[in-house]
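The values are calculated or read from the model by the stated rules, or taken from the named source; none is laboratory data. Note that this is a predicted model, so its numbers are computed, not measured. Cβ placement follows ideal geometry from the backbone for every residue including glycine, while neighbour counts extend to all protein chains displayed. Remember, those area values only see protein heavy atoms, side chains included, never the ligands or the DNA or RNA. Shrake-Rupley method; radii C 1.70, N 1.55, O 1.52, S 1.80 Å.
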Amino acid sequence: RSVVVSGEAGAVEEIADRFRADGRKVTALRVSHAFHSPLMEPMLAEFRAVAQELTYGQPSVPLVSTVTGEIASATELADPEYWVGHVRRPVRFADAVREAEATWWVELGADGTLSALAEACLDAAESAEGDARDRLVAPTLRRGRPEADSVLATAAELFTRGVPVRWAAALTAASPAVDPAAGAKAVDLPTYAFRRDRFWPANSPRSTRDLGLV
């Protein structure tokens, strides 16, 4: 349903014109280089030299590779040649999404582009399998929205799905000027309406009376 074509501009435009002629939607990506194409080869030697100088640690969480479309081993991730190939080889995004088989997807990026693509991949897979699943695909940042509001909204979505959230850390990160240790505290939600618990401040100027006989 969706594919990215990367390479020499004239050849890419020729392919794009063919898709336009077929009535397909074509969008040019705003990128500085033709990543994952032969045009990246002139920089690979320099990139390899940098990658060979790095120290690689053991991954603490499983990582699905978009180079292979499978879960990457610690040996792969510690090999500089893996990262050199990452620059040059095609991105197997749909394969990686299918391999992950996750319920909750959170995009850590500047926009929700990958979230939309992941949603499309999951829809296609579930349609083929005839198995619709309850899932959440959420970007942490959204174009045109304040960053803190967007991140907290995503955290709230995850929380309602049963994902544990360290709210003290999340709220402090979202509002660095607010110090949780300076008197802020969590409060319970108001109770059921007919328990008749009062929530008016004791010094409220609002006049109150029993409305039961009105």
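Looking only at residues of the stretch 56-82 that are hydroxyl-bearing (Ser, Thr, Tyr) and closer than 21 Å to residue 44 by Cα, we find that the one that is most open to solvent (accessible area, probe 1.4 Å) is 75.
Could you tell me whether residue 2 is modelled with pLDDT of 95 or more, surrounded by 10 or more Cβ atoms within 10 Å (Cβ to Cβ), part of a loop (DSSP other than H, G, I, E, B) and small (Gly, Ala, Ser)?
Details: modelled with pLDDT of 95 or more: no; surrounded by 10 or more Cβ atoms within 10 Å (Cβ to Cβ): yes; part of a loop (DSSP other than H, G, I, E, B): yes; small (Gly, Ala, Ser): yes.
For residue 2, the condition - modelled with pLDDT of 95 or more, surrounded by 10 or more Cβ atoms within 10 Å (Cβ to Cβ), part of a loop (DSSP other than H, G, I, E, B) and small (Gly, Ala, Ser) - is not met.
Using the structure shown, decide if residue 98 is more than 24 Å from the chain's Cα centre (by Cα) and either surrounded by 13 or more Cβ atoms within 10 Å (Cβ to Cβ) or within 30 Å of residue 122 (Cα to Cα) (or both). Talk me through it step by step, then tell me what you get.
On the way: more than 24 Å from the chain's Cα centre (by Cα): no; either surrounded by 13 or more Cβ atoms within 10 Å (Cβ to Cβ) or within 30 Å of residue 122 (Cα to Cα) (or both): yes.
So residue 98 does not fit the description; no.
Filtering the stretch 1-28 to residues that are within 22 Å of residue 119 (Cβ to Cβ), in contact (Cβ under 8 Å) with a residue 24 or more places away in the chain and of a type in the set (D, E, K, R) leaves only 1.
So which of 141, 152 is more than 19 Å from residue 97 (Cβ to Cβ) and either in a loop (DSSP other than H, G, I, E, B) or modelled with pLDDT under 75 (or both)? Step through it out loud before you land on a result.
On the way: 152 fails: either in a loop (DSSP other than H, G, I, E, B) or modelled with pLDDT under 75 (or both).
Being more than 19 Å from residue 97 (Cβ to Cβ) and either in a loop (DSSP other than H, G, I, E, B) or modelled with pLDDT under 75 (or both) holds for just one of 141, 152, which is 141.
For the stretch 24-55, filtering for residues that are open to solvent by less than 50 Å² (accessible area, probe 1.4 Å) and in a loop (DSSP other than H, G, I, E, B) leaves 2.
For the stretch 5-23, residues that are of a type outside the set (D, E, K, R) and assigned to a helix (DSSP H, G or I) total 8. Could you pull out the residue among 179, 131, 111 that is at pLDDT 85 or above and open to solvent by less than 90 Å² (accessible area, probe 1.4 Å)? None of the others qualify; the one that does is 111.
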